[in-house]
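Structure, as structure tokens:
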Amino acid sequence: MNKMSNWFFRLAVVYLMVGVSLGLFMAASHDHSMFPVHAHLNLLGWVSMSLFGLFYRSFPQATQTGLAKAHFWIYIPAHFMQMVLLALLYRGYTMVEPALGAVSSLVGVAILCFAITVWKSTRLAH
Ligand code: HEM
Ligand code: HEM
């Protein structure tokens, strides 16, 4: 069983549904003002999380490392908060900007953990 991979896939399709729903809403309403939220729901949510899921499927031993666990447990809540705050920012709540900066930086930290995990796991792989 590969819990981490499964959860990345499960959450990825949730973000796909939310991202596509917002895309359909934008198209139908002719109001594209939320397009950065749509883009990052789909790209940091659906696309990136699916790729994380595929990676951990291919390198199951990597899921046992502290770095991979840090990647998962930082990325999931930080990316969720990033999308909530980004949506609020594009609705005019500019006061969320410092918090958005903080959670976006955490997404960056999680991605760094993933990058190191990929390099370490592939070092000895054929
Ligand atoms: C039924 C599905 C979808 C609909 C109806 C939809 C609709 C839209 C609309 C209306 C825009 C704004 C276009 C503009 O104002 O320039 C947009 C932008 C965008 N969409 Fe979607 N979208 C869908 C699915 C997706 C998916 C699955 C992805 C990624 C995997 C995606 C990625 C993007 C990106 C990156 C942008 C920003 C493009 C730019 O920088 O101009 N969309 N989409
Ligand atoms: C912490 C992670 C990230 C941050 C803070 C970030 C930030 C940004 C910012 C500030 C913009 C310009 C938005 C605007 O038009 O005003 C942007 C655009 C864009 N980003 Fe990201 N990004 C991140 C990750 C990613 C990733 C991983 C992808 C692709 C896999 C991506 C794809 C795009 C695309 C396609 C656009 C153009 C569409 C748009 O403006 O929304 N971003 N990003």
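The values are calculated or read from the model by the stated rules, or taken from the named source; none is laboratory data. Just so we're clear, the structure is a prediction, and the values are computed from it rather than from any experiment. Positions of Cβ are backbone-derived with ideal geometry, glycine not excepted, and every protein chain shown enters the neighbour counts. For the accessible areas, the whole protein counts, side chains as well, though only heavy atoms, and no ligand, DNA or RNA atoms are used. Shrake-Rupley method; radii C 1.70, N 1.55, O 1.52, S 1.80 Å.
Here are some notes:
- Hits in the stretch 28-49 - residues which are touching a residue at least 40 places away in the same chain (Cβ under 8 Å) and assigned to a loop (DSSP other than H, G, I, E, B): Ser33, Met34
- Of all the numbered requirements in (1) more than 16 Å from ligand 1 (Cβ to nearest atom); (2) over 30 Å from Thr122 (Cβ atoms); (3) assigned to a helix (DSSP H, G or I), Gly92 misses one, and that requirement is (3).
- In the set Thr94, Thr65, Thr122, only one residue is in contact (Cβ under 8 Å) with a residue 60 or more places away in the chain, over 19 Å from Ala12 (Cα atoms) and open to solvent by 40 Å² or more (accessible area, probe 1.4 Å); that residue is Thr122.
- Options Phe72, Phe25, Phe80, Phe52; residue that is part of a helix (DSSP H, G or I), within 16 Å of ligand 1 (Cβ to nearest atom) and closer than 25 Å to Val96 by Cα: Phe25
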